[in-house]
Amino acid sequence: MNLPLYKALKNGTTVELDYIKPQEYEEVRTLLNFVIDEGKTYPQKQPLSQPEFAAYWLGKDAFVVRVSGEDGTYKPQTILGSFYIKPNFPGRCSHICNAGFIVQPGLRGQGIGRFMGESMLLIAAQLGYEAVMFNLVFETNIPSITLWQSLGFDIIGNIPNAAKLADGQVVKAVMMYKSLGSGGR
């Protein structure tokens, strides 16, 4: 796949999706830690240190959506979202990948998540993965569940009482799966 990929968001901002650059690591770590602190979608309880972030987010393939050019609203190269793709399991099961996604809170609902999701499916197939599996999508994360189902994911299982959210609510998580067709990994 030739990166970057370009898209105009609902608000008219032109963005590009590309591999993360080293100078963007800290900005993405800050965004991830904000999402973790929200306590609604990620299993971690505490912000990640630089080494923890590197091990979790940068272990295989990581990508960002950044502002492309000058649009008057955002500085060029501002990070709007990020995701990773990595094997979900080792060895004989490494043809099934996992991915994690984050979007700037003030920009949710602008199409960034869909752009990343659609792109992830293409990139994962090109990388040789044969399927994508999400292990823990909290039942309260309706925007994510709706997005993934619209992209062809099936709910293949439930984990009761999987997450204790920051507000004290205990919720189940769903496992979601999508085959990428024939792959070569």
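Among the hydrophobic types (A, V, I, L, M, F, W, C), within 16 Å of MET133 (Cα to Cα) and surrounded by 15 or more Cβ atoms within 10 Å (Cβ to Cβ): which single residue out of CYS97, CYS93 fits that description?
After applying the criteria, what remains is CYS97.
In region 140-153, what residues are loosely packed, with under 15 Cβ neighbours inside 10 Å and out of contact with any helix residue (DSSP H, G or I) (no Cβ under 9 Å at 6 or more places or on another chain)?
If the condition is that a residue be loosely packed, with under 15 Cβ neighbours inside 10 Å and out of contact with any helix residue (DSSP H, G or I) (no Cβ under 9 Å at 6 or more places or on another chain), then ILE142, THR146, GLN149 are the ones that fit.
Of the conditions (1) at pLDDT below 95; (2) buried (at least 20 other Cβ atoms within 10 Å of the Cβ), ASP167 clears all except one; give me its number.
Here ASP167 clears every test but (2).
Would a scan of region 80-90 turn up a residue that is outside any strand (DSSP E or B), without any contact (Cβ under 8 Å) to a residue 40 or more places away in the chain and over 25 Å from THR14 (Cβ atoms)?
Yes, some residue in region 80-90 is outside any strand (DSSP E or B), without any contact (Cβ under 8 Å) to a residue 40 or more places away in the chain and over 25 Å from THR14 (Cβ atoms).
Given GLY109, GLY100, which one is under 25 Å from ASN33 (Cα atoms) and modelled with pLDDT under 95?
It is GLY109.
Yes/no per residue for (1) touching a residue at least 60 places away in the same chain (Cβ under 8 Å); (2) more than 17 Å from the chain's Cα centre (by Cα):
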| site | (1), (2) |
| --- | --- |
| ASN11 | yes, yes |
| GLU24 | no, no |
| PRO43 | yes, no |
| TRP57 | no, no |
| SER68 | yes, yes |
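Within region 51-64, is even one residue surrounded by 19 or more Cβ atoms within 10 Å (Cβ to Cβ), modelled with pLDDT under 95 and not in a strand (DSSP E or B)?
Checking region 51-64: not a single residue is surrounded by 19 or more Cβ atoms within 10 Å (Cβ to Cβ), modelled with pLDDT under 95 and not in a strand (DSSP E or B).
The values are calculated or read from the model by the stated rules, or taken from the named source; none is laboratory data. Fair warning: this is a prediction, and the values are worked out from it, not measured in the lab. Positions of Cβ are backbone-derived with ideal geometry, glycine not excepted, and every protein chain shown enters the neighbour counts.
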